[in-house]
Amino acid sequence: MTPHSPRGGSGMTIIVKSTTRIVTAFIMLFGTTIVLYGHVTPGGGFAGGVIIAAAFALIVLAFGKTLAGRFVTGTTASVWDSAAATAFLFVGVLGYLGGCFFWNFLRPPQSGRFTLFKLYSAGSILLSNTAIGMKVGMGLLGVFLALSVFRPRREEGEGHE
Amino acid sequence: MSSGAIPFALSMVVLLIGLYAIIAKANVVKIIIGILITDYAVNLFLVLLGYRHGGRAPIVTKADLDTSGGVSMGFVNTSVDPVPQALILTSIVIGLAVAAMMVALALRLHDKYGTFDITRIRRLKG
Amino acid sequence: MTNILPLVVALPLGAGFLSPLLGKSRRGESMAALLALGIGFANLAISVALFTTTEPLVYWIGFWNAPVGISMAVDGLTRLLLLTTSLVALAALVFSIAYMRRFTATGLYYSLLMLMVAGMNGVIVTGDLFNLYVFLEVASISSYGLVAFGTEHEELEASFKYLILGSIGSLFILLGIGILYNLTGQLNMALVADSLAGRGANRAMTLAAAFFLMGFGLKAALVPFHAWLPDAHPSAPAPISAMLSGVLIKASGVYALARIVFNVMGPSAAHADVLTALGALSMVVGVFLAVGQWDFKRLLGYHSISQMGYIVLAIGVAAQVMSPRGSGDEALAGLLLFGGLFHLFNHAAFKSLLFLSSGSLEQQAGTRMLKELGGMRRRMPVTAFCCRIGALSIAGVPPFNGFFSKLVIVVALALAGKWLLAALAVFVAMMTLVSFLKVQRTVLEGETPERLAGVREAPYPMQSGMLILATVCLLGGPLVVWLRGWLLDPAAASLLTRAAGYAALFSPRGGP
């Protein structure tokens, strides 16, 4: 499948590249939908996040590590991962400030402002799901990049996990 | 053994296969695969616990609401138990984290020792 | 008072998530250290604040009541464990400030350490079985990463071994939880206990008990499951060794096991016999493996197995007394549990102290092999003082805390009619003394090897970390009666609460 060097930065053939160019946006859109509708349909933050991470992984596979590395690196993924985790905790803390840890502060129990099966029907669960989706997507991407960029035969000095 | 117990017994067989791989294999990658098989066996066991024969997926649609806006008893009585499914979803996520950790460690180990053979990865003893 | 409960998890979790965001610059890493230290102090303040009332507290997350909600529950045992964890964590954090300077990427170190603290606190305060498993995994996964933090040959090998055995343990625990859920249809510990209280022993419960014993036995490194501990604990950086040996094996092993055996499932005769056997075996085998060791940290690791044996032995015999076959003498079981839990508290203090002083010696002298050290009493007076206090405490020399807890355990075993086990406990205490006399003689006394002539005392943060724990060891002995009144007896009493009573304490109350 690869006419050039398999480990080089050139990536796969033109067929794969063109297909990737077309479908990536749709895969990401699909992942986002799964994340946003997590409270009314099967799916949610984790499933959607995995799909989003898969879209990124597809780009890395098709275009090669070097080109993709210009847009997203392990460090960026790690920073977004931590930011999303913090955001998830922040949703919980906002509830705490309103009275109870992880209280659904957008939707008091007696409220009838929302209709079932709509996007805005679960209050702060939507926010939590979005944070989890980003956390899982970026976390998995970070793992994928860390494992694919890892160069055997120690080239760096004393590192970390 | 009643026919209802067979799936449980089979999931335990899968668990034992995983444990066998962990104990008997000397290759780091095969041990990791053993852990993953064990993990899936436990998940399978848990999801079987919530299964109801002929039950349907625990997804509420508009047809499953009763007049007061709550979920109808008919749905509750025919759907499978969703709690174990929620549990294994969490357990899958944890398994993913452990798997990533194991693979990263295996890469590092190969980097340092130049082998995946655990009989040769033996600096610690005593 | 109930309202501060979520903070014991939320604060360290937040610090763990924020630390990687502070960047890899020198300034970012100092800020991460400062943040972690602040959380360490806050954690201690919260666990002390929980002592202002002796009532059991229960907090329902997100206003969701049982059976759907997840609760956090606090009773005497929880208070004891939280205080122990936060004391050791604070000492380890203070020690880390100077000790971690030789490592790179310390921002990630503090992040993982905070996640481990959050996981342990979660295990201790949670009132939900599955939540217990999740927090157990949070603590375990971060500890796998911390053991491998040095990324040298030994660290990676130890971490891999620990990771494999640790995840097998977790899977067994999950299987046990699944069986309990299937039996009762509940995950809340109080409701499971309530539902199980009425029925006698059945085969499914025995199976669940076996899975729990294997799983938590692996986490607590009891003897047939101990292979990972002497590799993993010494390989970690010293403050992490102190956390792992001092509190992690207790929070995720002994605490969870005792909670499930006593409060959730109710002590059965089979449980009790297995626990007693595992405890006695760990106590003896651990000390025999320790005597021949010449690597300081490895020796401490084997002693951890042996001292955990004391704790599990006391808990096991208490379970025997309380089981349907036993005499049901609550005063005797209370005394056994008092001894076991006091030893848990003391072991956290002196073993962490010993690991910290071994780290200080290793950092300043460049080796942790006993034969290569010597005369450190003159070169490093503060470290030597702390190391001596820790050694005398673990060996059970009279005025120190270790003596009193071992004395209580031995006396209570004799009262329970277990003369053989009592004699065994005394014998193991003697062996421990011999082993630590060897350490004292080779490390602190004797001639300083020429190579170590220029060794200086450790920096102040490391000294303060050690002194915090040395104070606990020094005061623990004389203050035993006072400690018993407000700390240990409520903890023992909460384990003796019979299953139905436990459910009554934590049953769902009115909503918001």
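None of the figures in this text is laboratory data; all of them are computed from the coordinates on show. Here the structure is a predicted model, which is why all the values come from computation and not from measurement. No Cβ is skipped: glycine too gets one built from the backbone with ideal geometry, and neighbour counts run over all protein chains shown.
Within the span defined as region C:155-169, one or more residues are of a type in the set (Lys, Arg) and surrounded by fewer than 22 Cβ atoms within 10 Å (Cβ to Cβ).
When the test is whether a residue is more than 13 Å from chain A (Cβ to nearest Cβ) and assigned to a helix (DSSP H, G or I), B:Leu87 passes it.
Working carefully through the options C:Leu18, C:Leu44, C:Leu50, find the one that is within 11 Å of chain A (Cβ to nearest Cβ) and among the aliphatic types (A, V, I, L, M). Walk me through how you get there before you give the answer.
On the way: C:Leu44 fails: within 11 Å of chain A (Cβ to nearest Cβ); C:Leu50 fails: within 11 Å of chain A (Cβ to nearest Cβ).
It is C:Leu18.
Of all positions in region C:56-67, none carries a residue that is away from chain A (no Cβ under 14 Å), of a type in the set (Val, Ile, Thr) and in contact with a helix residue (DSSP H, G or I) (Cβ under 8 Å, 6 or more places away or on another chain).
Condition check ((1) touching a strand residue (DSSP E or B) at 6+ places or on another chain (Cβ under 9 Å); (2) in contact (Cβ under 8 Å) with a residue 40 or more places away in the chain; (3) within 14 Å of chain A (Cβ to nearest Cβ); (4) not in a helix (DSSP H, G or I)) across all residues:
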residue: C:Leu83; (1), (2), (3), (4): no, yes, no, no
residue: C:Ile97; (1), (2), (3), (4): no, yes, no, no
residue: C:Met100; (1), (2), (3), (4): no, yes, yes, no
residue: C:Thr104; (1), (2), (3), (4): no, no, yes, yes
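Residue check: is B:Pro58 buried (at least 17 other Cβ atoms within 10 Å of the Cβ), within 12 Å of chain C (Cβ to nearest Cβ) and farther than 30 Å from B:Leu105 by Cα? Here the answer is no, as B:Pro58 does not meet what is asked. Note on region C:399-430: residues that are free of Cβ contacts under 8 Å to residues at least 12 places away in the same chain, under 20 Å from C:Cys473 (Cα atoms) and assigned to a loop (DSSP other than H, G, I, E, B) amount to 0. Candidates C:Gly200, C:Gly215, C:Gly246: the one that is farther than 17 Å from C:Thr85 by Cβ and part of a helix (DSSP H, G or I) is C:Gly215. Among the numbered conditions (1) within 27 Å of B:Leu48 (Cβ to Cβ); (2) among the polar types (S, T, N, Q); (3) within 7 Å of chain B (Cβ to nearest Cβ); (4) outside any helix (DSSP H, G or I), the only one that C:Ser167 does not meet is (4). The residue that is surrounded by the most Cβ atoms within 10 Å (Cβ to Cβ), among those in region B:71-84 that are outside any helix (DSSP H, G or I) and more than 14 Å from chain C (Cβ to nearest Cβ), is B:Ser79.
If I ask for residues that are aliphatic (A, V, I, L, M) and within 14 Å of another protein chain (Cβ to nearest Cβ), which ones from region C:249-303 would you list? Let's see the steps before the verdict.
Here is the first cut: in region C:249-303, the residues aliphatic (A, V, I, L, M) are C:249, C:251, C:254, C:256-258, C:260-261, C:264-265, C:269-270, C:272, C:274-275, C:277-278, C:280-281, C:283-285, C:287, C:289-291, C:299-300.
Listed by number, the residues that qualify are C:Leu289, C:Ala290, C:Val291, C:Leu299, C:Leu300.
Residue-wise test of (1) small (Gly, Ala, Ser); (2) surrounded by fewer than 20 Cβ atoms within 10 Å (Cβ to Cβ); (3) within 12 Å of chain A (Cβ to nearest Cβ); (4) more than 28 Å from the chain's Cα centre (by Cα).
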{"position": "C:Ile4", "(1), (2), (3), (4)": "no, yes, yes, no"}
{"position": "C:Gly14", "(1), (2), (3), (4)": "yes, no, yes, no"}
{"position": "C:Leu22", "(1), (2), (3), (4)": "no, no, yes, yes"}
{"position": "C:Ala36", "(1), (2), (3), (4)": "yes, no, no, no"}
{"position": "C:Ile39", "(1), (2), (3), (4)": "no, no, no, no"}
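Selection within region C:68-81: residues that are β-branched (Val, Ile, Thr) and within 14 Å of another protein chain (Cβ to nearest Cβ). The member of this set that is surrounded by the most Cβ atoms within 10 Å (Cβ to Cβ) is C:Ile70.
Does C:Leu207 qualify as being within 21 Å of the chain's Cα centre (by Cα) and in contact (Cβ under 8 Å) with a residue 24 or more places away in the chain?
Values: within 21 Å of the chain's Cα centre (by Cα): no; in contact (Cβ under 8 Å) with a residue 24 or more places away in the chain: yes.
It is false that C:Leu207 is within 21 Å of the chain's Cα centre (by Cα) and in contact (Cβ under 8 Å) with a residue 24 or more places away in the chain.
For region B:100-125: of the residues being away from chain A (no Cβ under 14 Å) and β-branched (Val, Ile, Thr), which is surrounded by the fewest Cβ atoms within 10 Å (Cβ to Cβ)? Let's see the steps before the verdict.
First pass over region B:100-125, keeping only residues away from chain A (no Cβ under 14 Å): B:117-125.
This time we only want the ones that are β-branched (Val, Ile, Thr), so: B:118-119, B:121.
On the way: B:Ile118: 19, B:Thr119: 8, B:Ile121: 21.
Out of the qualifying residues, it is B:Thr119.
The condition (being closer than 24 Å to C:Ile141 by Cβ and buried (at least 24 other Cβ atoms within 10 Å of the Cβ)) is satisfied by just one residue among C:Ala251, C:Ala318, C:Ala314, C:Ala349: C:Ala251. Taking the listed residues C:Ile173, C:Ile179, the one that is within 12 Å of another protein chain (Cβ to nearest Cβ), assigned to a helix (DSSP H, G or I), out of contact with any strand residue (DSSP E or B) (no Cβ under 9 Å at 6 or more places or on another chain) and within 21 Å of B:Tyr51 (Cβ to Cβ) is C:Ile179, with no other qualifying.
Any residue at all in region C:123-133 that is part of a helix (DSSP H, G or I) and facing another protein chain (nearest Cβ under 9 Å)?
yes
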